[in-house]
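Chemist: This structure is in structure tokens; I'll ask about it shortly.
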Amino acid sequence: MSKSHIESFTKASFPELQRICKAMYHKGMFAGTDGNVSIRLPQNSGILVTSSGVHKGFLEEKHLVAVDWHGNIICGSGDPTSELPLHQEIYRADENTGAIIHTHAPWTTALNLAGIMLDTEKLVEAETLLKQVPVVPYHPPGTLELAKVTAKKIGKGPALILERHGAVTFGENIEKAFCYMECLEHSAKIIAISRMLNPQ
Ligand SMILES: [Zn+2]
């Protein structure tokens, strides 16, 4: 795919990515410059990802970078997110994945820090949409180790919890990945509140 085609694709994709990022920010799933989102480029030419150090709640088109599978920048001015390996390894592991979202969603992360499993069987919506949510053992953010271990956990559902870090969801498009992240965080919140009301 030529650079000009990828530039046109970036322009066309931006409004939807901006809409989703804004929604997640207003849901409290992004704070400061944390989190990142990506979509697969047409003809599997690489990925379009948010750049490093930008606030996803105020995403602009210049905050998107297209990179090939070796991490080379095809177009865009910033550096890709430090979690680029995480995104790349998930796309490599699952050819049906067209979009990925990574956040430090607070209820999901808090539940994990408290050592409470996100048991989807307790909530019909979560079980239907997320199936099972494996926990990826801790590895430092941005490392290839984290990316490789995360990719190995794929296969049970569209969401993963990253131990002491956050969550990642993936789907055929960005709206699906968003629905999974929202469902994950909403479920974690319900389970956390139920534990507060009735500590076990
Ligand atoms: Zn992170």
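The values are calculated or read from the model by the stated rules, or taken from the named source; none is laboratory data. What you see is a predicted model; the values in this text were computed from it and never measured. Every residue, glycine among them, receives a Cβ derived from its backbone with ideal geometry; neighbour counts consider all protein chains shown.
Chemist: Quick one: Glu89 ticks every box in (1) at pLDDT 95 or above; (2) in contact with a Pro (Cβ under 8 Å, 6 or more places away or on another chain); (3) among the charged types (D, E, K, R) except a single one, so which number is it?
Modeler: Against the list (1) at pLDDT 95 or above; (2) in contact with a Pro (Cβ under 8 Å, 6 or more places away or on another chain); (3) among the charged types (D, E, K, R), Glu89 comes up short only on (2).
Chemist: Checking Ile101 against (1) away from the ligand (no atom under 14 Å from the Cβ); (2) within 30 Å of His5 (Cα to Cα), only one condition comes out false. Which one?
Modeler: Among (1) away from the ligand (no atom under 14 Å from the Cβ); (2) within 30 Å of His5 (Cα to Cα), the lone unmet condition for Ile101 is (1).
Chemist: Another question about this same structure. For region 1-32: of the residues being hydroxyl-bearing (Ser, Thr, Tyr) and modelled with pLDDT of 95 or more, which is surrounded by the most Cβ atoms within 10 Å (Cβ to Cβ)?
Modeler: Within region 1-32, the subset hydroxyl-bearing (Ser, Thr, Tyr) is 2, 4, 8, 10, 13, 25.
Now narrow it down to the ones that are modelled with pLDDT of 95 or more: 8, 10, 13, 25.
Details: Ser8: 11, Thr10: 20, Ser13: 18, Tyr25: 18.
The extreme case among them is Thr10.
Chemist: Something else about it: Which residues, counting only those in region 52-63, are more than 12 Å from the ligand (Cβ to nearest atom) and surrounded by 22 or more Cβ atoms within 10 Å (Cβ to Cβ)?
Modeler: Of the residues in region 52-63, the ones more than 12 Å from the ligand (Cβ to nearest atom) are 53-55, 57-63.
Leu59, His63 - these are the residues of region 52-63 that are more than 12 Å from the ligand (Cβ to nearest atom) and surrounded by 22 or more Cβ atoms within 10 Å (Cβ to Cβ).
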